[in-house]
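J.: Questions regarding the structure given below will be posed in turn.
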Amino acid sequence: MTTPTSTAPSNSQPLTDAPAWAAAAATRLRYLQANFADDPAESREAFLEDELKKLLDPVPLGKRLLYLDTLAEKFPTWESLSSAPAVATKAASEERTPDEVWALFLKTLPKFSLEQRETIKARLADAGFVRVSGDSIDGSSTADIVDKLKIPPSDKIDGSRLGKLYAALAEFAIMTDQLAWNVWKGLSPKSTIRRDGSAGDLRTALRRSTTGDPEVSAAQIAGQLEKNRQLIAGLIAAIGPAGKNFTRRFQSRYSPEAIRDMVKLEGASVFGNADARNWKKYTELAQEISEDTIQTDMMDAVAKYAEELMKGQNR
């Protein structure tokens, strides 16, 4: 066994604050660990344990938790201090409350790999602290999900991920529902097609259904979502045809042929300049054309096509 020389850092100095103490203690322990690297593990463990106890002797009991936590920060992993951290953990656990032990566990947990976390979970389950289930969700409750997503029987649905996915999709549906019906209200305020509000808005209906409200069934939510889908599909599908319909209406009133037909129907005199009469008529009609009237005509065209599509008249 190698005997530490007099050049080793001394631990006989008066007690300093936690950061200074931890820096000196870490230097001392690393020095000893390096000098005893060739010795058996049992010898290293015993010597480091004795050394750590000496380092802790001048530290008051009420401050040892703080000093040990500060020392632990000097080592990236527990293994880097070999067996010494085990001594620190033991010394600390004798003085820490359950809440302090739990806080230390949560602080240390992020350093563990996924495999290590699974091992911890298995040990907690063996000790009876937690219950581990291979399928945390009843299979009958997920039958529709399996069918819609074509999930093979060999794959299991992850309950935690399912919850996060549901939250994301619910927020998407809620925001889309609000946007689509607000747009529809502006396009066609007098339309008979309206949102189903019997269970409240979509957010309220989803909350009531998710928490088991017997007055809000899954079928009712599905019907509300289907109506929203039809509205969105109708609005998107109406963009192209509505433009064509607007163009046809515009040409039927303001094209040269339409102007000449209106002049003839008004019984204008056959005498005089026909072009002048047509131009006069056009200037009269041109007063109808403005940004507001064009926007109104376009919105009416979109609303009309979308409503006909939702009612099945354009299929």
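What follows draws every value from the coordinates through simple rules; no lab data is involved. Being a predicted model, the structure only gives us computed values, none of them experimental. Here Cβ is always computed from backbone atoms with ideal geometry, including for glycine, and neighbour counts include all displayed protein chains.
J.: Over the Cα atoms of segment 193-247, Rg to Rh with Kirkwood Rh, two decimal places? Mind showing how you got there, number by number?
T.: Values: Rg = 15.4 Å, Rh = 12.8 Å.
Result: Rg/Rh = 1.20.
J.: Given contacts defined as C-alpha pairs under 8 Å and at least six residues apart, what's the relative contact order of segment 168-249, whole-number percent? Please list the in-between numbers first.
T.: Values: 27 pairs, mean separation 26.6, N = 82.
Relative contact order comes out at 32 percent.
J.: While we're here: For a Förster distance of 35 Å, can you work out the FRET efficiency between the beta-carbons of R123 and S217, rounded to the nearest 0.05? Walk me through the numbers before you get to the answer.
T.: Values: r = 43 Å, r/R0 = 1.23.
Calculated transfer efficiency: 0.20.
J.: Which of the peptides 207-214, 230-237 is most tightly packed, and how do the rest follow, going by the mean number of other Cβ atoms within 10 Å of each residue? Numbers along the way, then the final one.
T.: Numbers: 207-214: 12.5, 230-237: 17.6.
Highest mean packing first, the order is 230-237, 207-214.
J.: Show me 256-265, 293-302, 21-30 ranked by packing, highest mean number of other Cβ atoms within 10 Å first.
T.: Details: 256-265: 13.5, 293-302: 15.3, 21-30: 19.5.
Descending mean neighbour count gives 21-30, 293-302, 256-265.
J.: If I take the Cα coordinates of segment 158-315 and project them onto the principal axes, what are the three extents in Å, biggest first?
T.: Principal extents (largest minus smallest coordinate, Cα): 85, 26, 26 Å.
J.: Once you place label points 7 Å from the Cα toward the Cβ at A237 and M298, how far apart are they in nm?
T.: Placing both labels 7 Å beyond Cα along the Cβ direction yields 2.3 nm.
J.: PRE reach from Y282 (point 7 Å along Cα→Cβ): which of segment 227-267 fall under 11 Å by backbone N?
T.: It comes to 254-260, nothing else.
J.: Right, another one. May I ask you to compute the full-extension gain from F172 to D261, defined as 0.36 nm times their residue separation minus their alpha-carbon distance, rounded to one decimal in nm?
T.: Fully extending the segment from F172 to D261 adds 26.8 nm.
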